[in-house]
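Chemist: Handing you this structure, nothing more for now.
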Amino acid sequence: MKTLWFLFIGLCCISDCHAQSGWKVPKLRELSQADAIKTGAAHLSAEDIALLKRVTRDVIEECAADPGPGDPGTALGLFGQLRVRRVNLGPHSNAGLVVQGTGVCMCGAVGNCPFWVIGEAPRPGVLLETVGIQTFALQENLTARRFDLLVGSHDSAMQTDLQRFRFNGTKYQLNGCALIDWDDENLNLLRRPRITARECP
């Protein structure tokens, strides 16, 4: 009986180690007001602006028709508030844009918003479009010469719902899901956050 108990504990430890090794806690980044299109921080070209207007048109029009408290009442104002940052999607300067919605109309109460990744080379286009995202990270696990993309949603202050996307040669495709816990069962902040793989919904 004692042998079976130790075997069970050992298997649990191996399973936990495997979950931890398959996922490492990323350094998640968050776009801010300083990244708003109207600030010009991303130095967007006329072609970039035209593409972003096409990509975000449906979301912008829906919000312009029924803006939330404090949101701009025009499509132009809403577009100017979108947050954009230039990123390298691969090791050899695969240029891209990370784009996130903002404001009451587009985002949930905890800051989860529409999210897009635009590839600029070799041909501009949408590589990922999803919703309910607050943070992101790029990890150097190469697939089709692109980094993995991790996106995080917050359901609470101390837990992050994580999704991993891998590039399939054309777009980013969902590849796995996990939860990051930043505190323990007694609400004490963990020195090393705990990450647990889970099934994707």
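No lab work stands behind these numbers, since they all come straight from the coordinates. All values derive from a computational prediction rather than experimental measurement. Using ideal geometry, Cβ is built from the backbone for each residue, glycine included, and neighbour counts are taken over all protein chains shown.
Chemist: Calculate, for Thr74 and Glu30, the FRET efficiency according to 1/(1 + (r/R0)^6) with r their C-beta to C-beta distance and R0 30 Å; round to the nearest 0.05. Provide the component values of the computation, followed by the final result.
Modeler: Numbers: r = 26 Å, r/R0 = 0.87.
Efficiency, from the Cβ-Cβ distance: 0.70.
Chemist: Another one. With label points built 7 Å along Cα→Cβ from the Cα atoms of Leu179 and Val104, find their separation and express it in nm.
Modeler: 3.2
Chemist: Three principal axis extents, largest first, for the C-alpha atoms of the stretch 42-141, in Å?
Modeler: If we take the Cα atoms of the stretch 42-141, the spans are 43, 30, 19 Å.
Chemist: Can you list residues whose amide H is under 5 Å from Leu89's amide H, if they're 5+ apart or on another chain and H is modeled 1.01 Å from N?
Modeler: Here Asn94, Ala95, Gly96 satisfy the definition.
Chemist: Continuing with the same structure: Quote the FRET efficiency, to the nearest 0.05, computed for Asn188 versus Glu47 with a Förster distance R0 of 41 Å and r equal to the Cβ-Cβ distance.
Modeler: Efficiency at R0 = 41 Å is approximately 0.25.
Chemist: Does anyone have the angle between helix 2-22 and the longest principal axis of the chain? Alpha-carbon axes, 0 to 90°, nearest 10?
Modeler: Computed tilt is about 20 degrees.
Chemist: From largest to smallest, what semi-axes in whole angstrom does the chain give when each is the square root of 5 times an eigenvalue of its alpha carbon gyration tensor? If you can, show how the numbers build up before the last one.
Modeler: Values: eigenvalues 260, 88, 33 Å².
So the three semi-axes of the chain are 36, 21, 13 Å.
Chemist: Label-point separation (nm) for Thr39 and Glu62, each offset 7 Å from Cα along Cα-to-Cβ?
Modeler: Using points 7 Å along Cα→Cβ, the separation is 2.6 nm.
Chemist: How long is the gain from Asn88 to Asp155 if the chain were fully straight, where each residue apart is worth 0.36 nm and the alpha carbon distance is subtracted? Intermediate results must be reported in sequence, preceding the final value.
Modeler: On the way: separation 67, 0.36 × 67 = 24.12 nm, distance 2.84 nm.
Extra length from Asn88 to Asp155 when fully extended: 21.3 nm.
Chemist: Between Ala36 and residues 5 or more places away or on another chain, which pairs have amide H atoms under 5 Å apart, with H built 1.01 Å from N, and which residues are they?
Modeler: Distant-sequence amide H within range of Ala36: Val84.
Chemist: Any chance you could give the angle, 0 to 90 degrees and rounded to 10, that helix 46-65 forms with the longest Cα principal axis of the chain?
Modeler: Helix 46-65 sits roughly 80 degrees off the main axis of the chain.
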